[in-house]
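A quick write-up on the structure given underneath.
The values are calculated or read from the model by the stated rules, or taken from the named source; none is laboratory data. Keep in mind it's a predicted model, so treat the numbers as computed, not measured. Note that each Cβ is placed from the backbone with ideal geometry, even for glycine, and that neighbours are counted across all protein chains shown.
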Amino acid sequence: MIKGYAGRILEVDLKNKTFEFKPLDEDTARLYIGGKGYGARLLYDLTSAGIDPLGPDNVLIFATGPLNGSVAPQSNRFAVVCKSPLTGGIGSATCGGSYAYGMKKAGIDVLICRNAAERPLRLEIDGDNSDVKFVDASDLWGKGSYETQKILGEKKNHAVIGPAGENKVLFAGIVSNERIAGRTGVGAVMGSKNLKAVTVSGSRKLEMEDKAAFAAYTKEVRALFRDHPVLGNSMAAYGTAAIVNTTNARNIIPTHNFKYGHFDRAKSISGEYMADHTLVGTKSSCIHCPVTCGRQVDLPGIGTVKGPEYETLGLMGSNLEISDIEKIQEWNYLADDMGMDTISLGAVLSFTMELQERGMLDSGLQFGNPAGVSEMIKDIGHRSGLGDDLADGVKRMSAKHGGEAFAMHVKGLELSAYDPRGSWGQGVEYATTNRGGCHVSGATMYMESVGPFTINPQNYKLKSDLPYVQQNIAAAINSMVLCIFTTYGIVPKFVHEADPKSWKFRAAVAAFENSGPLFRWVNSIKGKPMLWFEKWLTLITGTNISSGHIQEIGARIFNLERMYNLREGLSAADDTLPPRMLNESIFPNMKAGHPLGELLPRYYQIRGWDSRGVPTEKTLKKLQVAV
């Protein structure tokens, strides 16, 4: 077995309460690494087309990668893969916390949960003794994610759901510690299986090809991260909330259900404001990560809890036109305890507010007014009253109540907090990403509109090439399984410190913007590993991994996901943006919205897809994608 892997898959039948340990397939590991890549391969092979996402035929897959269990910064995350009840296509989400570390200590690379239990249960997995206990969880059913973990033991490694997952809220997530695998409704699938929690334990140590070299190099990377202007400075000081003022200044922060891109009171919900007024205690991070992006705040009657991140501040702050940071902190806690995605939650709340504003639905919720929001969040989590409608997400709400023109989703997954009208490459990424309106399946906006080395975000140059390269990188990163923030360090310190008005800087940006095919070619070169995640993977597995290998593996995973979506009935017609994004302008120099129709054909061509968005036989053969 390749080093870095435990070499075992655990398959559990929840209905019959049986389990079996199977060997990890080495060929699949080489082709798909692990995490969401290996998970996507299993999902495609283990399920038939057209299954009910909330039925027993769907499988719930927890998958780690070869970097999990190591001390590499940002490496202890797990991926969850299943058919999404929200989109009907590929469902995936990643999460920090301690659960991934626990899985690898238990000597398990992948956990596959089949069928559905007849009544609530939880799993206790003892990796050292290769044993699984099926424990009645009736006493935990109905409890929040925080209380559940406290009862099970806070020092143990858990993955749990809250009431949102139990009640099959279509954007429910799975929680580990204070982190959540939030997107695509993976928590609803776990709830549909009557699985409340999974606890893993073991004492296995990660095997590496070159442990000494790995340790020495990791020490260098930790120093690099600590000295980096983003990873060691702005993110360490303000967390992801540092992005609020940047996106607001560039007119791409969601406001009034994405009707606008600027929020006049954005400073009141920024990371800088939180640091000065609401943060308490110590900063937090996932295991072995020096980037302390987690924040703590005090809630009356609750105590010290995790503070909101950028996506929550954007979707549940500016997008609702709410600047009361204490309210947003309260809603963030409620959502995490309920176990639901704050991106989708904020989107359904803003959509409901616009329906109210237009006289299309009487919800009582209004832009700029926090009244009733806390109660609605609870109603969503319990599917009570009107909350039952909101629990189905924006796409289904618009089908029932109208408002398709301002329903902010792609493929059923609600948009994250970057307006693509001011970030055209990000718009192409939203439209084509397999799981829907997602920002961490490429993070094109960082190279385009919010990072230190940004191109013109509103022209056609590089707007199809950049999403292609970024999506491939992200697919590989999410299969290792690493945090997407590791890619922020790719832009070196000297670029952050350069004068953006200098001719050298402007010349470099212009050269990059016009690089096109050269940019893709450079990334495709299979040489020596250069970046830390390439070197870590090489030192752990003993297999040479360079940027070219990352691009190839990422493209393989991305195309397999695409084939899964096509099998499930999605098509090029779903590679689009909300009508508001396409038809309404928020910039004086734009006559309409995002020019997706002019960018999509080139993207398809670069991908090796035909005009219908279908990967060609040549592309699948080249990438070794078996379907």
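Overview of values
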quantity: Condition check for K168: among the charged types (D, E, K, R) and in contact with a helix residue (DSSP H, G or I) (Cβ under 6 Å, 6 or more places away or on another chain); calculated: yes
quantity: Members of region 143-157 that are of a type in the set (V, I, T) and under 24 Å from the mean Cα position of the chain (by Cα); calculated: T148
quantity: Single residue of region 36-87 satisfying the filter (without any contact (Cβ under 8 Å) to a residue 12 or more places away in the chain and not polar (S, T, N, Q)) that is farthest from G412 (Cα to Cα); calculated: D45
quantity: Within region 603-627, considering residues that are hydroxyl-bearing (S, T, Y) and without any contact (Cβ under 8 Å) to a residue 40 or more places away in the chain, the one farthest from R556 (Cα to Cα); calculated: S611
quantity: Members of region 308-328 that are polar (S, T, N, Q) and surrounded by fewer than 23 Cβ atoms within 10 Å (Cβ to Cβ); calculated: S323
quantity: First in region 357-385 and without any contact (Cβ under 8 Å) to a residue 12 or more places away in the chain, second anywhere and assigned to a helix (DSSP H, G or I) and of a type in the set (D, E, K, R), Cβ under 9 Å, 6 or more apart; calculated: D379/D388; S384/K378; G385/D379
quantity: Helices (runs of 4 or more DSSP H) wholly inside region 453-562 containing at least 3 residues that are in contact with a helix residue (DSSP H, G or I) (Cβ under 7 Å, 6 or more places away or on another chain) and within 27 Å of T87 (Cα to Cα); calculated: 465-480
quantity: Qualifying residue in region 139-154 (condition: touching a Lys or Arg at 6+ places or on another chain (Cβ under 6 Å) and either of a type in the set (V, I, T) or crowded, with 24+ Cβ neighbours inside 10 Å (or both)); calculated: no
quantity: Residue count for region 1-39, restricted to those that are surrounded by fewer than 24 Cβ atoms within 10 Å (Cβ to Cβ), hydroxyl-bearing (S, T, Y) and in contact with a helix residue (DSSP H, G or I) (Cβ under 7 Å, 6 or more places away or on another chain); calculated: 1
quantity: Lone unmet requirement of (1) in contact with a Leu (Cβ under 8 Å, 6 or more places away or on another chain); (2) of a type in the set (A, V, I, L, M); (3) in contact (Cβ under 8 Å) with a residue 60 or more places away in the chain; (4) surrounded by 24 or more Cβ atoms within 10 Å (Cβ to Cβ) for A93; calculated: (1)
quantity: Complete set of residues in region 37-66 that are within 21 Å of K205 (Cβ to Cβ) and either under 18 Å from the mean Cα position of the chain (by Cα) or modelled with pLDDT under 95 (or both); calculated: F62, A63, T64, G65
quantity: Selection from region 587-627 of residues that are modelled with pLDDT under 95 and either polar (S, T, N, Q) or surrounded by 16 or more Cβ atoms within 10 Å (Cβ to Cβ) (or both); calculated: N589
quantity: From K143, K168, residue being outside any helix (DSSP H, G or I), at pLDDT 95 or above and on the phi > 0 side of the Ramachandran plot; calculated: K168
quantity: Which listed residue is part of a loop (DSSP other than H, G, I, E, B) and either closer than 28 Å to R556 by Cα or touching a residue at least 40 places away in the same chain (Cβ under 8 Å) (or both), from Y430, Y418, Y446; calculated: Y418
quantity: Residue count for region 564-582, restricted to those that are outside any loop (DSSP other than H, G, I, E, B) and either without any contact (Cβ under 8 Å) to a residue 60 or more places away in the chain or not assigned by TED's automatic domain parsing to the domain that holds L600 (or both); calculated: 4
quantity: Where E220 falls short, out of the listed (1) outside the structural domain of Q74 (by TED's automatic domain parsing); (2) assigned to a helix (DSSP H, G or I); (3) touching a residue at least 24 places away in the same chain (Cβ under 8 Å); calculated: (3)
quantity: Criterion: surrounded by fewer than 24 Cβ atoms within 10 Å (Cβ to Cβ) and either farther than 22 Å from L231 by Cβ or free of Cβ contacts under 8 Å to residues at least 60 places away in the same chain (or both) - qualifying residue of V348, V305; calculated: V305
quantity: Listing of helices (runs of 4 or more DSSP H) fully contained in region 336-415 that carry 2 or more residues being within 23 Å of S176 (Cα to Cα); calculated: 342-357, 373-382
quantity: Per-region count, region 341-387, residues hydrophobic (A, V, I, L, M, F, W, C) and in contact with a Pro (Cβ under 9 Å, 6 or more places away or on another chain); calculated: 1
quantity: Whichever residue in region 263-302 is aliphatic (A, V, I, L, M) and under 22 Å from A100 (Cβ atoms) and, among such residues, is surrounded by the fewest Cβ atoms within 10 Å (Cβ to Cβ); calculated: I287
